[in-house]
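A short worksheet on the structure shown next.
The values are calculated or read from the model by the stated rules, or taken from the named source; none is laboratory data. Remember, predicted model here, so these are calculated numbers, not experimental data. Quick reminder, even Gly has a Cβ in these numbers, built from the backbone with ideal geometry, and neighbours come from all protein chains shown.
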Amino acid sequence: MLLTFAGLAVVLAGLVLLARRIRRRNLHGGLLSVAEELYLPSAPRLRGEIQEVRQAEQRSGEKP
């Protein structure tokens, strides 16, 4: 029983570390796009709005 919980804790810790690494390297946009399109019909519209905001921030020189 204890070994099962320890294994689960290791897997969850690994997922947390992987998520931090993906966010740090800005790789998160492409990884979830397929899942977003399957489960969230408005994902392409939202993605377009996010890109517009990022482009506006880049033009103005602001950092998020």
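List every residue pair whose Cβ atoms sit under 8 Å apart, with the two residues 6 or more apart in sequence or on different chains, where the first one lies in the range 45-56 and is surrounded by 11 or more Cβ atoms within 10 Å (Cβ to Cβ) and the second, anywhere, is hydroxyl-bearing (Ser, Thr, Tyr).
47/33
Can you give me the ranges of the helices (runs of 4 or more DSSP H) entirely in the chain with at least 1 residues that are at pLDDT 80 or above and on the phi < 0 side of the Ramachandran plot?
Where helices (runs of 4 or more DSSP H) fall fully within the chain and carry at least 1 residues being at pLDDT 80 or above and on the phi < 0 side of the Ramachandran plot, they are 2-24, 43-60.
How do the pairs read when you match residues in the range 2-28 that are under 21 Å from residue 50 (Cα atoms) with residues anywhere that are of a type in the set (A, V, I, L, M, F, W, C) and surrounded by 10 or more Cβ atoms within 10 Å (Cβ to Cβ), using Cβ under 6 Å and keeping only pairs 6 or more apart or on different chains?
Pairs found: 28/22.
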